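J.: A single structure is presented below for examination.
The values are calculated or read from the model by the stated rules, or taken from the named source; none is laboratory data. Bear in mind that the values here come from a model prediction, so they are computed numbers and not experimental data. Reconstructed Cβ throughout: ideal geometry from the backbone, glycine too, with neighbour counts over all protein chains shown. Areas reflect the complete protein model, heavy atoms only, side chains present, ligands, DNA and RNA absent. Shrake-Rupley method; radii C 1.70, N 1.55, O 1.52, S 1.80 Å.
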Amino acid sequence: MSNKRTKGVTVIRPIVYGNIATLLPQKKIPDSDHTHKWTVSVKGLNNEDISSFVKKVTFKLHETYANPQRVVEHPPFELTETGWGEFELTIKLQFVPESGEKPVMLYHNLRLHPYEEDGSISTANKNKPVQSFQYDELVFTDPTEYLYQIFIQHPSSGLQTRSTPNNPYSVQAEIDEIRKIEEATKKVQEQLVIYKEKLEKTTKELDEVKLELERVKK
């Protein structure tokens, strides 16, 4: 199979990446201040295998870890560690050489603690596993014939219509998210109008005060 590009073709592959963390029992790791065990992973939607087109995944940890660059060359593309702090992980996807595709970088904030809506750490749920995953899509424009054949041989199920407890990613979830963004944007625009009116009123009052001062000076 050649590396000739399949012009006019766009293939979208949904992925899910993030982490799950659990609180370690006290003294689980002697002479260590680590409080949590966590696993970071990247996989296809609905746990679909992505190894047909992903060659390897490199997880870049915080520099305080020994060997912070961890390479996983076989599925499942995941890494398990222990630690005490949250930090930003870099996840580098490298595709099979025949694909002709450049690596893709993903960024994930490792989450160890459950949080309340105000941003404070929840003490009520501290013993429950914490999950932090996000949905994304890999877009392949004009893929090579080799890669296109892989996609044909390993089709993706795509987004389901509605979310389920085991799979929160769905068409309806995307619609709901777009609606939330639109509502938030509308509120911001309304606030901007209010602040603009207040600014114009204050500016007008200030001009009137300046005029009055000039009259007094005369």
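J.: Picking from Asp49, Asp33, which residue would you name as being under 28 Å from Gln160 (Cβ atoms) and of a type in the set (Asp, Glu)?
T.: Asp49
J.: For Thr161, all conditions in the list (1) touching a strand residue (DSSP E or B) at 6+ places or on another chain (Cβ under 8 Å); (2) among the β-branched types (Val, Ile, Thr); (3) surrounded by 12 or more Cβ atoms within 10 Å (Cβ to Cβ) hold save one; what is the number of the exception?
T.: Status for Thr161: all satisfied but (3).
J.: May I pose another question? Restricting to the stretch 38-61, count the residues that are polar (S, T, N, Q) and touching a residue at least 40 places away in the same chain (Cβ under 8 Å).
T.: Counting residues in the stretch 38-61 that are polar (S, T, N, Q) and touching a residue at least 40 places away in the same chain (Cβ under 8 Å) gives 3.
J.: Another question, then. Can you name every residue in the stretch 45-56 that is modelled with pLDDT under 95, surrounded by 14 or more Cβ atoms within 10 Å (Cβ to Cβ) and not in a loop (DSSP other than H, G, I, E, B)?
T.: Leu45, Asn46, listed by residue number.
J.: Given the criteria crowded, with 17+ Cβ neighbours inside 10 Å, β-branched (Val, Ile, Thr) and within 17 Å of Phe140 (Cβ to Cβ), does Val9 qualify?
T.: It is false that Val9 is crowded, with 17+ Cβ neighbours inside 10 Å, β-branched (Val, Ile, Thr) and within 17 Å of Phe140 (Cβ to Cβ).
J.: Now for a separate question. Among the residues of the stretch 12-34, what is the count of those that are open to solvent by 20 Å² or more (accessible area, probe 1.4 Å), in a strand (DSSP E or B) and either among the hydroxyl-bearing types (Ser, Thr, Tyr) or within 27 Å of Asn125 (Cα to Cα) (or both)?
T.: 3
J.: Any residue that is touching a residue at least 24 places away in the same chain (Cβ under 8 Å), in contact with a Phe, Trp or Tyr (Cβ under 9 Å, 6 or more places away or on another chain) and open to solvent by 60 Å² or more (accessible area, probe 1.4 Å) - is there at least one of those in the stretch 136-145?
T.: no
J.: Within the stretch 112-135, how many residues are of a type in the set (A, V, I, L, M) and open to solvent by less than 60 Å² (accessible area, probe 1.4 Å)?
T.: 2
J.: So how many residues does the stretch 138-156 have that are out of contact with any Lys or Arg (no Cβ under 7 Å at 6 or more places or on another chain) and either farther than 20 Å from Met105 by Cα or among the acidic types (Asp, Glu) (or both)?
T.: 9
For (1) assigned to a strand (DSSP E or B); (2) hydroxyl-bearing (Ser, Thr, Tyr), each residue gets a yes or a no:
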{"site": "Thr58", "(1), (2)": "yes, yes"}
{"site": "Val71", "(1), (2)": "yes, no"}
{"site": "Met105", "(1), (2)": "yes, no"}
{"site": "Gln134", "(1), (2)": "yes, no"}
{"site": "Ile150", "(1), (2)": "no, no"}
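J.: Exactly one of (1) within 24 Å of Phe133 (Cα to Cα); (2) open to solvent by 60 Å² or more (accessible area, probe 1.4 Å); (3) in contact (Cβ under 8 Å) with a residue 60 or more places away in the chain is unmet by Thr64. Its number?
T.: (3)
J.: I'd like to verify a number: residues in the stretch 177-218 that are open to solvent by 90 Å² or more (accessible area, probe 1.4 Å) and under 30 Å from Arg162 (Cα atoms), how many?
T.: Residues meeting the conditions: 9.
J.: Related question: What is the residue count in the stretch 108-137 for residues that are touching an Asp or Glu at 6+ places or on another chain (Cβ under 9 Å) and closer than 27 Å to Phe59 by Cα?
T.: So the count comes out to 7.
J.: Okay, next question. Which condition number in (1) open to solvent by 80 Å² or more (accessible area, probe 1.4 Å); (2) within 21 Å of Ser156 (Cα to Cα); (3) outside any loop (DSSP other than H, G, I, E, B) is the one that Lys37 fails?
T.: All conditions are met except number (2).
J.: Okay, next question. Would you confirm whether any residue within the stretch 80-97 is open to solvent by 40 Å² or more (accessible area, probe 1.4 Å), at pLDDT 95 or above and in a loop (DSSP other than H, G, I, E, B)?
T.: yes
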